[in-house]
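Report on the structure given below.
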Amino acid sequence: MKYWILSVAISFFASSALGNECLHQKYKKYADLQTQWQHDYSNLMVANHPELKEVTYRYRDTQLALIEQRFIAFTIYVADAPEKIQTEKPLNQWLVLNPSIKNELSLQYPKFKIIDDKVELYNSLGDHKDGDNAREVFRSEIAPSQEFSRLLSRFNSNVSVLNDTSCPTT
C-alpha cells in the first residue's frame, strides 16, 4: 500500500512537472510568435515609410517590453501560482495583469519590477510627434496591403496551431 501511494505521488508530481514544462514551452512559443510579428510589422512599415522609422521602432519596442512583461509574469505563475494561469482560454487570455497585480508582482519579484519599470518608461513618453501620421499610414496603406495580410495570416495561423496544442494535465 505504501508503495502504491508513493508511486501515485511520484506519478502526480512528474505529470505536474511535465505539464508545467509543456505550458512554459507553449507560452514561450507564443511570446516568440508575438515578437516575430512585431518585427515583421515594423520592418514592413519602415520599408514602405522610412521617414516613420523612429515612431515605428518606439511602438515596436513598447510592444516588445509588454510581451516580455507578460512572459516574466507567466514564468512566475507557472512556478509559484499555476492556478492563476487560465489555460482553458486562448493563449492571449492566459494572464490577467491589472495594475494591482503588476504592483504585487513588482514588490515580490525584482525581475518583474525591472520590466514593469521599462514598460512604464515607454508609457510615460507620451505620443510621438509622428504618431498620428503613422496611424494614418497604417490605416490607409499598410493594413490594406497584401504583404500585411500575408504576415497577419501567418501569425494568426501559427497562434491557432499553438492554441490547439495540448499539454498534460494534472
Label points 7 Å out from Cα along the Cβ direction at residue 165 and residue 146: separation in nm?
3.1 nm
Charge dipole of the chain built from unit charges on the beta carbon (Lys, Arg +1; Asp, Glu -1), centred at mean Cα; most positive-end Cα among 168, 41, 96 is 168
Taking Cα atoms, how many degrees apart are the long axis of helix 2-48 and the longest axis of the chain, rounded to 10 and kept between 0 and 90?
0 degrees
If I model a spin label at residue 47 and residue 122 as a point 7 Å from the Cα along the Cα→Cβ vector, what separation in nanometres do I get?
2.2 nm
Computed helical MRE - 222 nm, the chain, DSSP H runs ≥ 4 contributing -39500 (n - 2.57), nearest 500
-25500 deg cm²/dmol
Linear extension gain, residue 28 paired with residue 114, 0.36 nm per residue minus alpha-carbon span
29.0 nm
Quick one: how many lysine pairs does the chain have with C-alpha atoms less than 26 Å apart and a gap of 8 or more or different chains? Give me the count, please.
29
Measuring from its Cα centre, the chain shows a charge dipole (+1 at each Lys and Arg Cβ, -1 at each Asp and Glu Cβ) which, in debye to the nearest 20, is 480 debye
What number comes out for accessible area per residue over the chain if the probe is 1.4 Å? Units Å², please.
62 Å²
Förster radius 30 Å - calculated FRET efficiency between residue 156 and residue 135, Cβ distance, rounded to 0.05:
0.90
Semi-axis lengths (Å, descending) of the ellipsoid that matches the C-alpha gyration tensor of the range 14-170:
31, 21, 10
Would you kindly derive the ³J(HN,Hα) couplings of the range 91-100 from the backbone phi angles with the Karplus curve 6.51 cos²θ - 1.76 cosθ + 1.60 (θ = phi - 60°), listing them in order in whole Hz, with x for Gly and Pro?
3, 5, 10, 5, 10, 10, 10, 8, x, 5
Per the 1.4 Å probe, what fraction of the accessible area of the chain, in percent, lies on carbon and sulfur atoms?
56 percent
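The values are calculated or read from the model by the stated rules, or taken from the named source; none is laboratory data. Bear in mind that the values here come from a model prediction, so they are computed numbers and not experimental data. Cβ coordinates were reconstructed from backbone atoms using ideal geometry, including for glycine residues, and neighbour counts include every protein chain displayed. Ligands, DNA and RNA are stripped out before the accessible areas are found, and what is left, the full protein with its side chains, is counted by its heavy atoms. Shrake-Rupley method; radii C 1.70, N 1.55, O 1.52, S 1.80 Å.
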